[in-house]
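Here the structure is laid out as structure tokens; the discussion comes afterwards.
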Amino acid sequence: MSIRRRDFLKFSAATGGLVYLGGAVPSFLTQAAAGATGGGGPVLVVIQMSGGNDGLNTVSPVRHDTYRTLRPQLALDPQTTISIDDELSLHPALKGFAELLEQQQLAIVQGVGYADPNRSHFESMDIWHTCQRKTQQRSEGWLGRYLSHQQAAKHSGASAFHLGAEKQPLALASRDVAVPTIRELKQFKLQVSNEDVLASLRRESASQPQNPGLLDFVQSAQKSALDVSEQLAAQSGKQTSVSYPDSPLAEKLSTVAQLIRSGLPASIYYVQHDGFDTHSNQAAAHEGLLRQLGDSVSTFTRDLESDKLLERVCVMCFSEFGRRVAENASEGTDHGTAAPMFLIGNNVQAGLHGEHPSLDDLDAGDLKFHTDFRRVYAAVLQDWLKVPATDILGAQYEPVPLFA
């Protein structure tokens with residue numbers, strides 16, 4: 001049976017559009033209905049810090065003369081920051097990350113970027129999402145290629161979820177695997193029990209002799225979705241003792257924790273944390289964004305630990321670029337280059353990886369990167385997800401030693 005995309009979208013519209021799928025039959029539904037549980041394999045949770053995070057005020061050389069000279073308004077007070085070592089400190093809002101670092105659960109990869117950097121949000125993010133330039137074919141994202149690879153290898157747990165109302169990231173685009181976007185967990189249920197809706201779908205199916213299987217698909221999808229809903233409902237009774245902060249990112253990660261706890265067959269969960277394009281009045285906005293990040297992620301790890309699930313989970317945080325070293329006239333920072341990435345979990349090699357980019361050797365006012373982001377991806381693929389990184393990244397990159 002072949003279900004066309006526009007036919008499924010009509011079905012989705014009729015049911016309220018609560019679950020959006022990226023263009024193919026939702027195999028995760030049939031897997032879940034068959035009782036798949038993902039087999040307890042490794043899980044990657046990606047947090048995309050959209051807008052270009054100011055890495056220099058995230059992991060900060062607070063006592064460096066150049067830092068303080070070029071940032072007269074934005075330089076952090078060394079008395080309020082959280083020391084990592086004699087030279088570097090975390091932003092004071094990242095108390096959650098400081099706790100993770102103390103517990104040996106946070107890896108900080110410094111100076112991450114790529115050669116010939118692009119300062120466009122869209123193009124730079126596309127490069128991070130696909131590991132390719134716009135002159136190359138970009139039909140799949142790097143995680144989409146991972147999903148396609150796993151499906152070809154017949155690994156049943158190769159599925160993913162995107163959480164949130166934002167546009168689904170190109171990183172998840174796959175020729176072979178449909179990735180659903182879940183806007184709210186309470187809406188993760190296809191509401192097709194209404195007889196008027198079913199009658200409308202029957203009429204739609206009858207009017208399309210070229211696609212007589214539409215109603216069969218709808219009814220099958222209905223049953224599978226309801227089975228998944230029941231599976232989640234059964235888990236929802238197991239209330240966590242962990243209280244999440246009141247923030248959009250925390251709400252998404254709470255949902256991710258519930259989905260992991262439910263045993264759904266997924267190895268990738270992807271969420272976005274927006275607002276990092278801080279061209280003006282950066283200090284307060286950046287503080288709030290970093291507090292959301294640190295508090296939400298540390299709560300998420302405690303939640304998973306309470307059910308002994310953190311051994312299976314790694315969280316990766318990235319942004320499409322950093323900011324320029326010098327602040328601008330609006331007490332903000334403009335698009336820059338290198339920035340830190342963060343990986344969190346019980347199996348990461350905690351602490352600093354790589355040197356902080358030199359403030360005495362800038363490239364036209366920008367930090368020079370020293371670690372290609374694809375080296376971090378290679379570590380995640382090869383050492384965490386246990387797949388051949390070269391096949392997915394399209395070239396060989398030496399993995400950063402990030403996992404125990």
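Annotations for the structure displayed:
- Among the residues here, ALA115 qualifies as assigned to a loop (DSSP other than H, G, I, E, B), under 30 Å from ALA173 (Cβ atoms) and of a type in the set (A, V, I, L, M).
- Checked against (1) surrounded by 15 or more Cβ atoms within 10 Å (Cβ to Cβ); (2) over 19 Å from MET316 (Cα atoms); (3) out of contact with any His (no Cβ under 9 Å at 6 or more places or on another chain); (4) modelled with pLDDT under 95, ALA165 meets all criteria but (1).
- Just one residue in the set ARG375, ARG324 is of a type in the set (D, E, K, R) and in contact with a Gly (Cβ under 9 Å, 6 or more places away or on another chain); that residue is ARG324.
- Residues that are touching an Asp or Glu at 6+ places or on another chain (Cβ under 9 Å) and modelled with pLDDT of 95 or more were ranked within the stretch 224-248; the one that is farthest from LEU289 (Cα to Cα) is TYR244.
- Residue list for the stretch 128-149, filter: in a helix (DSSP H, G or I) and under 16 Å from VAL46 (Cβ atoms): TRP128, HIS129, THR130, TRP142, LEU143, GLY144, ARG145, TYR146, LEU147
- Taking the stretch 111-126 as the range and being surrounded by 16 or more Cβ atoms within 10 Å (Cβ to Cβ) and among the aliphatic types (A, V, I, L, M) as the test, the residues that pass are VAL112, MET125.
- Some residue of the stretch 265-279 being modelled with pLDDT of 95 or more and of a type in the set (D, E, K, R): yes
- Subset tally (residues that are in a loop (DSSP other than H, G, I, E, B) and surrounded by fewer than 19 Cβ atoms within 10 Å (Cβ to Cβ)) for the stretch 89-110: 3
- Of the residues making up the stretch 75-85, not a single one is touching a Ser or Thr at 6+ places or on another chain (Cβ under 8 Å), assigned to a helix (DSSP H, G or I), modelled with pLDDT of 95 or more and within 26 Å of LEU310 (Cα to Cα).
The values are calculated or read from the model by the stated rules, or taken from the named source; none is laboratory data. Here the structure is a predicted model, which means the values were calculated and not measured. Positions of Cβ are generated from backbone atoms using ideal geometry, with glycine treated the same way; all protein chains shown enter the neighbour counts.
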